[in-house]
Amino acid sequence: MIMKNIYKIVGVAVLGFMTLTSCDIDEVGDLNGPTLENIIDNSTKGDIQDLVGGILSDMRVRLGTYYDDVGVIGREYYRFSSSDPRFTSDLLGKDKAVLDNNTFYTTGPWGARYGTAKGASILVQAIENTSPAYSEQEKNGLRGIGKTIQAYELLLNLNLTYQGGIRADISNPESLGPFLGFTQSLDAIEALLVSGATDLSNAGSEFAVNLSSGFTGFNTPATFLQFNKAISARVAAYQGDLSALSGYLTDSFLSLTNSSDDLANGVYYVFSADGGDLRNPMFFALNASTAGVRVAHPSYITDIGATDSRRSKVAQRSSSITSDGLSGDYDFRLYTTDVDPIPLIRNEELILLYAEANHISNPTNAVTAIDLVRNAAGIGAYAGGTSPAELLDEILRQRRFSLYGEGHRWIDMRRFDRLGDLPIDRVGGGDVEPDDVWVQFPIPATENQ
Amino acid sequence: MKKHNHFCKMKILLLLIFVPTLLLAQETITGKVVVESTGEGAPFMNVIEEGTNNGTSSDIDGNFSITVNSLPVNLKVFALGFAEKTVSVATAGNITIQVAESTESLEEVVVTGLATSVKRSNAANAVASISAEELVGSTPPPTLDGALYGKFAGAIVSANSGAPGGGLSVKLRGITSIAGNSQPLYIVDGVYIDNSSIAAGLNTVSGAAAGGSASNQDNPTNRIADINPDDIANIEILKGASAAAIYGSRASAGVVIITTKRGKAGKTSINITQSNGFTQAIRLLGVRNYTEQNITASGSFDNDDLQNFIAARNAGRLVDYEEELFGEEGFISKTNLNVSGGGEKTTFYAGISHQNEDGIVKRTGYEKTSLRLNIDHKITDNIKLSLSNNYIQSSSDRGFFNNDNTGTTIGVALTSTTPWLNLFPDANGVYPDNPSGASNILQTRDLITNNEKNKRFIAGANLDVNIYKSDHSNLKAVLRAGIDAYTFETLALFPKTLQFQNPDNGGVGGVSAQGTTRNTNNNYSGFLVHNYFTDSNLNFRTQVGLTRELFDQNSVLTTATGLVSGQTNLNLSAARNIVQNRLKQEDFGFFVQEEINYQDKIIGTIGVRGDKSSNNTDVNQFFYYPKASLAVNIPKFGFWSLDQVNELKLRIAYGEAGNFPFFGANTTIFTNTAIAGLSGITLNGQLGNTDIEPERQKELEFGFDLGLLDNRVGLQFTYYQKKVDDLIISSAIEPSTGFISQVVNAGNLENKGFEVSLNAVPISNDNFEWSTFVTFFKNTSEITKLNIPAFNTGAFGATLGTFRIEEGKSATQIVGITPNGLAVLGDAEPDFQMSFQNSLKYKNFDLSFLWQWKKGGDNVNLTALLTDLNGTSADYDDIDLDPAGVLGNGDYRQSQLGVSARPFVEDASYLRLRELGLYYNVPSKILQNWFGKIIESAKIGFSGTNIINVFDYNSYDPEVSNFGSNGISTGVEVTPFPSSKRYLFHLSVSL
């Protein structure tokens, strides 16, 4: 009897097991975030707000590397990092070192900018399928935001690869558009900005989403349009199209005044110490060690006037610092806390773009603009010649100090073919080659070009 | 073998019932079976009248009684764990039969199915086995995986660093996956064991991944380290798909099957082992010989440095900070108690172990307590229940090492720490800031916490039921269930007082990163095994089974910054960031296997496994993995006349196995982000691929086993060819898509190699025995097909040397820039590996040692470069690298930066005295004189690990991995926790 009962028990156990090992498996799905399909096909207005917040946040990813790329090659400052020698070797072209097409300084910012651009293109898709639906005006506003930001992100990448160009058509990951030449790339960016401007012009008086505090003063369709035009102005300057530049400046937030508030007026990347947020990647504490520091290029101090208030963009160290044969006494000090905002574009640049727009056609206006900046810096009015060449020299000089560390020097010198004027720190000798000033970054290896 | 016993017993039972009524003349033999070494009765031994089915078994005291037809007879006495013995009995009445315990008999079976095993002599695969003696007999390893070095052919075992608590990579027969799992599946007593490495969130501080190396550089342990090696009776290693196909989709990296010790009926045996010792760094790099000249000449130092150097030198204040940091001798203590025994129906094994080790860096260490209770109970003669329970609590403090981008890890900070700095705390315990670096290494060492704690419960149940038996067939059911559940906590604490946390220095005011991972694996399986024998001793064994596995892991990591007044609680902080990551997987499989054994002459097996998984896009699609094998024992055919050759087996086996795509490979998802109070979602960089399929490994192995002179000399040779199709690769896609990578099935790779092992007992007499075991193996890999462009992976880019996956090339090639473009600079794959294991017994002394030689195989070593850049390399001024003989090594390496990666790719060969043990067994006479009969045996001894290390490699140890265990990128070094050697004294007593 006992045996029989035991067999029954075993029988039940076997049956139980067969149930446990039953055959169908349920789909688990992804447990760790909303899927792309969900966002594109079926999002709420809250999701769209999150998408916009994500795009604005993404604009800052790897921004520090971008600024280091252009700032170090532009001989604005040195970047020392005891755990990464490539800031002082590859970027400065030490001896035989060259820029690599598969290293973080090439791939990191490039990928991050395209990531943001992709987010913007997803935004433009997703607003068509929300429930409840947006009004056409609201959609226009969101499209305008998306296209403007996408254009700006593409411009930053084009700044790196220059004649190597960029892909402008990125809508379909399966079939990407071709790499365009430099001029075509700029044209494509301009076209995207123009299209965004049209959308913004038909977007009513309010956006359907909130923007970050970096867009304070630029968070309505009308004011965001001024930002769009300011970016367009920069693009026109890069195109060398001075008349287009004038036109865009007119529609931008250019203000020909020189109070420091006005010079600083613009759109900013903002940061905070909150969880999930980023801190200002361009900040290091004063007197930081070679573990991680940005040291002003000695020429900045040598070349700037003794009374120029823009000297405050660097700060004297308690002791000099040396690494890899490079030394400096001044820290890069544009930002004094790790949550200071970083400008995307601001009025001081627009004023100098205005000077550039006029330096051939209307030297008087150019000098007026230059003097706004000079007086703000406390160095008095411009007294030099007013030939286009002399004015250009002066504009580039003021851009160097006014926009120090904001990612312009290298690009300015390049667009006027003056890279050869940038200082060479390690002149080599014997078998050792002097440092190089690179013209452009290689296209990242992973683009398979 | 076990089955055969049951079969016999069943027949015995029938005979005992029926035979007496049929027979007229009978003789009864009574007697006792005793164990030769102890004189104790040997319970439950099978006693069979040779040449018949007549038999019985001994009772709990070893007594038996058997009735035979006529005298004289030969009685055969046998059981698992004892050498078989045959005695001739001429007269009825009492006899005593002595049997000897045999360790070899434990090795004689190897698993081939999920519910069955086969005699080793009939196995068609080169399945490696490691006995308890081989595992821990020479010296107790710090962790289980650390005991596998050199113990068998075909495995590359490599430690990731010297940090206490483990962290090893085990690769069987070459690299088997590039992006998927490449670590073997561990199964302990039928329970699928999780072997995750879970990061503690140090990246927040180190910023190691900020440079774009997404891989984890936190140097976590992997969780197989939890298993206590002392509880293990036997490990079997299925090195590839040909042996492991029956494990299907989880088996492509091989399977490590661990069987823990179980009780034997009879006297309760108690063993206590205490080991104490210390650990010390195997190598320190030393300090550069600084002079006024070389400081002045260096681009790393300025005049302040020079003046400080002169002042410190003149005052005798130069400090060797490397020695200060790594010069500790860590104390090791290990206590092990096990008790086993039981009666006829129930047996048990209990193991209690406590291990406490300090590292070679202050405030690092490892502590583990393991409790095990294994119980076997015979419900009836035909139903047996086995339970295995293990509770483990472990804690490891691992310091703060490896790569960073902030100059804060102790390793990186040491590279810029010069002897003239004063980093010691003042009388008030206040540490000075390091003026030439971001952090003060002594302060970091003394104030940070990087702790991993695990509480783990592993339980398995196994029910064996003999459903039906007859002379020619029997049927057995096996039901199995297992749970592996743990709660793992990490604590990374960086107080505000640290130089790099101080807000005045740009710090974030302290970091407290606390992580909790709850992991539960459940596995259930049921099998039916049917045996059918013909009269000509042809055996058909059929097994079918179903398996189901559930995996559930949930990790939450909260990182708080801006800690309030020295607190560590997460809420007492200015800002918090939380990351939660969940994994869930459900697999279902079935298998069918048929084994045909013709008189142990020819043994053939075919089988197939089918698997489906929730990790596949179509969750209910089955993937099938077939296997087939054949073994031929030539001497059994009888035409063999060479007496010296007692075994010659030819074997060939083929099998397929899989590797699932990892969780989430088929979806594109957003993750959270925020900008100044505005929250948002952002793509995580991976483009999902709904077409992703499991990798498929196809392995063919063949070889022979040769046994000479009654197995005193054994030679095994195996050649294998292992192809992995549909390689899962996290492929970099054009970044202009907005994504960084996509998981794709993008190619095939092939591993080919051979393994030779030779075991011999060259000398064996009453006083002296020498046994030796030599292994030699070699593997080469090739990416035979790649559907995506060749790509660099697993290191820091071509400037510094990187792995590169490229069609037609070795899977583990290392390339880098050179003046002539990208060139192959090395290969992580060793030319060969060899081990030489010896055991010598002289009277009461046992000496064992294990040499391991890894020839070739390259690393990417960036430690030297980082010290060069800071002018601190010990060999900075030596001139032996520059071909022109002009530049010192430091200057030369720097001159090559951006020019050639060649100086950073180094040969990582080594020769080590991996294990050494010398023991003295106290003679039983002495024990009896001193302790009476209380102590049965005692031994004392000395042992060591890594005592002799020979290598040219320019750092602490060629065995190193900045990126942890998985994938191909082992062997990349950035300022690791240095490796250590261990010395231990032992006292072991059995009651």
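Report, by residue number, each residue of region B:574-608 that is more than 14 Å from chain A (Cβ to nearest Cβ), of a type in the set (D, E, K, R) and at negative phi.
If we filter region B:574-608 for residues that are more than 14 Å from chain A (Cβ to nearest Cβ), which is where we start, we get B:592-608.
Next, only the ones that are of a type in the set (D, E, K, R) stay: B:594-595, B:600-601.
Of everything in region B:574-608, those that are more than 14 Å from chain A (Cβ to nearest Cβ), of a type in the set (D, E, K, R) and at negative phi turn out to be B:Glu594, B:Glu595, B:Lys601.
Report whether or not B:Asp404 is surrounded by fewer than 22 Cβ atoms within 10 Å (Cβ to Cβ) and either of a type in the set (Val, Ile, Thr) or at pLDDT below 90 (or both).
Details: surrounded by fewer than 22 Cβ atoms within 10 Å (Cβ to Cβ): no; either of a type in the set (Val, Ile, Thr) or at pLDDT below 90 (or both): yes.
Answer is no for this residue.
Of the residues making up region A:335-364, those that are within 14 Å of chain B (Cβ to nearest Cβ) and surrounded by 18 or more Cβ atoms within 10 Å (Cβ to Cβ) are A:Tyr335, A:Asp338, A:Pro341, A:Ile342, A:Leu344.
Determine, yes or no, whether B:Leu822 is in a strand (DSSP E or B) and either basic (Lys, Arg) or in contact with a Lys or Arg (Cβ under 6 Å, 6 or more places away or on another chain) (or both). Explain how you work it out, then say what you get.
On the way: in a strand (DSSP E or B): yes; either basic (Lys, Arg) or in contact with a Lys or Arg (Cβ under 6 Å, 6 or more places away or on another chain) (or both): no.
When the stated conditions are applied, B:Leu822 does not pass them.
Here B:Asp846 does not fit the description of being outside any loop (DSSP other than H, G, I, E, B) and out of contact with any Ser or Thr (no Cβ under 8 Å at 6 or more places or on another chain).
Among the residues making up region A:80-118, a single one is among the polar types (S, T, N, Q), under 16 Å from B:Gly797 (Cβ atoms), in a helix (DSSP H, G or I) and more than 7 Å from chain B (Cβ to nearest Cβ): A:Thr106.
Taking the criterion of being buried (at least 23 other Cβ atoms within 10 Å of the Cβ), within 27 Å of B:Arg914 (Cβ to Cβ) and among the charged types (D, E, K, R), would at least one residue in region B:172-190 satisfy it? Looking for residues that are buried (at least 23 other Cβ atoms within 10 Å of the Cβ), within 27 Å of B:Arg914 (Cβ to Cβ) and among the charged types (D, E, K, R), one finds at least one in region B:172-190, hence yes. Number of residues in region A:419-438 that are touching a helix residue (DSSP H, G or I) at 6+ places or on another chain (Cβ under 8 Å), surrounded by 14 or more Cβ atoms within 10 Å (Cβ to Cβ) and part of a loop (DSSP other than H, G, I, E, B) equals 3.
Of the residues A:Glu349, A:Glu390, which is modelled with pLDDT of 95 or more and within 30 Å of A:Asn287 (Cα to Cα)? Please lay out each step first, then the result.
Details: A:Glu390 fails: within 30 Å of A:Asn287 (Cα to Cα).
Unique residue meeting the criteria: A:Glu349.
For B:Ala477, the conditions (1) over 30 Å from B:Gly526 (Cα atoms); (2) among the hydrophobic types (A, V, I, L, M, F, W, C); (3) assigned to a strand (DSSP E or B) are fulfilled apart from (1). Here A:Thr130 clears all of (1) of a type in the set (Val, Ile, Thr); (2) crowded, with 24+ Cβ neighbours inside 10 Å; (3) away from chain B (no Cβ under 13 Å) except the condition numbered (2). Quick check, is B:Asn338 among the polar types (S, T, N, Q) and more than 22 Å from the chain's Cα centre (by Cα)? Criteria met by B:Asn338. Among the residues of region B:716-752, those that are surrounded by fewer than 22 Cβ atoms within 10 Å (Cβ to Cβ) and touching a Lys or Arg at 6+ places or on another chain (Cβ under 6 Å) comprise B:Gln721, B:Lys723, B:Asp725, B:Asp726, B:Asn748, B:Glu750. Evaluating B:Ser641 against the criteria (1) without any contact (Cβ under 8 Å) to a residue 60 or more places away in the chain; (2) away from chain A (no Cβ under 14 Å); (3) of a type in the set (S, T, N, Q); (4) crowded, with 22+ Cβ neighbours inside 10 Å leaves one unmet condition, (4). For region A:414-445, a residue qualifies if it is closer than 24 Å to A:Gly108 by Cα, in contact with a Gly (Cβ under 8 Å, 6 or more places away or on another chain) and of a type outside the set (D, E, K, R), and the qualifying residues are A:Val437, A:Trp438, A:Gln440, A:Phe441, A:Pro442, A:Ile443, A:Pro444.
The residue list A:Leu154, A:Leu176, A:Leu158, A:Leu142 contains one member that is in a loop (DSSP other than H, G, I, E, B) and either at pLDDT 95 or above or within 13 Å of chain B (Cβ to nearest Cβ) (or both), which is A:Leu176.
Residue pairs whose Cβ atoms lie under 8 Å apart, sitting 6 or more positions apart in sequence or on different chains, and linking a residue in region A:24-53 that is part of a loop (DSSP other than H, G, I, E, B) to a partner that is among the acidic types (Asp, Glu), are A:Ile25/B:Glu586; A:Ile25/B:Asp587; A:Asp26/B:Glu586; A:Val28/B:Glu586; A:Pro34/A:Asp47.
Taking every residue in region B:720-738 that is touching a residue at least 24 places away in the same chain (Cβ under 8 Å) and of a type in the set (Val, Ile, Thr) and pairing it with any residue that is assigned to a strand (DSSP E or B) and buried (at least 24 other Cβ atoms within 10 Å of the Cβ), at least 6 positions away or on another chain, the pairs with Cβ-Cβ distances below 6 Å are B:Val724/B:Glu695; B:Val724/B:Gln697; B:Val724/B:Leu749; B:Ile728/B:Glu695. The condition (being more than 8 Å from chain B (Cβ to nearest Cβ), of a type in the set (Val, Ile, Thr) and surrounded by 22 or more Cβ atoms within 10 Å (Cβ to Cβ)) is satisfied by just one residue among A:Thr65, A:Thr44: A:Thr65. Are any of the residues in region A:239-251 touching a residue at least 60 places away in the same chain (Cβ under 8 Å) and crowded, with 21+ Cβ neighbours inside 10 Å? Yes, that holds for at least one residue.
Scanning region B:707-726 for residues that are farther than 17 Å from B:Tyr624 by Cα and at pLDDT 90 or above yields a count of 10.
Whether any residue in region B:656-675 is modelled with pLDDT of 85 or more, in contact with a Lys or Arg (Cβ under 8 Å, 6 or more places away or on another chain) and within 14 Å of chain A (Cβ to nearest Cβ) is what I want to check. Scanning region B:656-675 turns up at least one residue that is modelled with pLDDT of 85 or more, in contact with a Lys or Arg (Cβ under 8 Å, 6 or more places away or on another chain) and within 14 Å of chain A (Cβ to nearest Cβ).
Per the listing B:Asn577, B:Asn571, the residue uniquely in a strand (DSSP E or B) and of a type in the set (S, T, N, Q) is B:Asn577. In this structure, B:Ile483 does not qualify as touching a Lys or Arg at 6+ places or on another chain (Cβ under 8 Å) and either within 14 Å of chain A (Cβ to nearest Cβ) or at positive phi (or both).
The values are calculated or read from the model by the stated rules, or taken from the named source; none is laboratory data. The shown structure was predicted, so the numbers you read here are calculated from the model rather than taken from an experiment. Glycine also receives a Cβ, built like all others from the backbone with ideal geometry; neighbour counts cover every protein chain displayed.
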